Structure formats: structure tokens, C-alpha cells
Amino acid sequence: MASFLEQVLATAQAGLTYSRDPFDIGRFHALRDATAALIAEQSAQDPVRIADWIALDSGYPTPKLDVRALILNEQGQLLLVRERSDGCWTLPGGWCDIGDSPAGAVVREVVEETGLVCRAVQLLALFDKLKHPHPPQLPHAHKAFFLCEVVGGQLLTETDETQDAAYFPIDALPELSRHRVVASQLRTLHAHVQQGRCETLFD
């Protein structure tokens, strides 16, 4: 259902961008408003908040970019952070901001969520969220996973966005925040690094 609603919103947004006929513009506004109401009903969120979020995007619709950092310790364990929003664990990361490069964004997110200073050393994967077993969620996003190397800072167990941070072995993962990352991605990325592979995974 989420992918269908995304397509409807994208159609309405493209229509509002390119249409000149006032009646067509009215129809696309109605289509967008009805879709926002349906999303709010299915997600139990405030319809006004949903409508405001949709209204932020204009022009030709494109996916958003989420960046995540894969940081391993000497034992090959993954650094995960526990999100305040749902109490589950994920790789440090978040949305790219306007003006950010993807690598710059992931470095910023790691500092904000863990206190660690890192550098991005390899783009491991660029995945389409719809092709992986994430729960349905808007907006449509592409996910860039970077191998990062810690160069400074101190690991924090609490920040404004996270309530814990710790290293976990790949075969003993905690409950994951599946909107952000899924276990199959972590296993694939971990094996990719352990095998010393240099190519970037995609889709």
C-alpha cells in the first residue's frame, strides 16, 4: 500500500508542477489531499502534520537520500545506536541535509549520534528501500551505506537523538529499527567488508 500511495503522491506532485489548466490543478490538489487523509488514517498520525510534510516537497518528485555508517571495532563488531523515537537499534545516520555531500552527511550524523569523529572510506552500498524488507513507510528513499573509520572523539551512550550506543557481533544483533536498517543488510555489508571487497553494492 505504501508504494501505491507514493506513486499517487508523485503523480499529484508532477501534475501540480507541470499543469497549467486550473481545473487540472484543482484535481491534483484534491488527489494529494485525499492521499494525505488516507495516509493519516492508516498511520494514526495527525492529518495536518501529514499534509504539511507533503507540502514541503515541490517540483518533480524524487527519492530522499538516507546515509548510514558501518563502523567496526577490532573484533569485527558493528556499532549501533538506540533510537529515542522507537527504542530500537540502527546504524548511525539519517537524512542528507541541503548542502551536504553524502559522505559529509554521514560523518556529521556519526558525531551527532555517537560523539565519535570519523571519516568515510568506502561507499559500500546504494540500496533502494523498496527492494529490501523494510516496513512500508513514506517517503521513498535510497539508502547509502558507508564504511567509516573512527579518527577521534569519545563514544557517548546518550545524545539528543539516541539513548544508547554499543558494539554488537553480527550473529547477536539487538532488536532493529527496521524503518532504518534490516538484518539482511547488516549481514551483507558485514560480509562485504570482512571479505575485503571493493565494489559498491546496489539495489
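Taking 16 Å as the cut-off, the amide N atoms of the stretch 153-186 that come nearer than this to a point 7 Å along the Cα-to-beta-carbon line of residue 194 belong to 168-174, 183-186.
Between the Cα long axis of helix 2-18 and the first principal axis of the chain there is an angle of about 60°, rounded to the nearest 10.
Please give the helix 102-114 orientation as an angle from the longest Cα principal axis of the chain, in degrees from 0 to 90, rounded to the nearest 10. Approximately 70 degrees, to the nearest ten.
Rounded to the nearest 20 debye, the dipole size of the chain about its Cα centre is 460 debye, using +1 on the Cβ of Lys and Arg and -1 on the Cβ of Asp and Glu. Taking square-rooted eigenvalues a ≥ b ≥ c of the alpha carbon gyration tensor, is the stretch 52-203 rounded, prolate or oblate, where a/c under 1.5 means rounded and, failing that, a/b exceeding b/c means prolate? Rounded shape, in that the Cα axes give a/c under 1.5.
Within the chain, the cysteines lacking any other cysteine Cβ closer than 4.7 Å to their own Cβ are 88, 96, 198. Of the solvent-accessible surface of the stretch 51-203, computed with a 1.4 Å probe over protein heavy atoms with every protein chain present, carbon and sulfur atoms account for 52 percent.
The values are calculated or read from the model by the stated rules, or taken from the named source; none is laboratory data. Since we're looking at a predicted model, the values are computed, not measured. Don't worry about glycine lacking a Cβ; one is built from the backbone with ideal geometry, like all the others, and counts go over all protein chains shown. Only protein heavy atoms, including side chains, enter the accessible area calculation; ligands, DNA and RNA are left aside. Shrake-Rupley method; radii C 1.70, N 1.55, O 1.52, S 1.80 Å.
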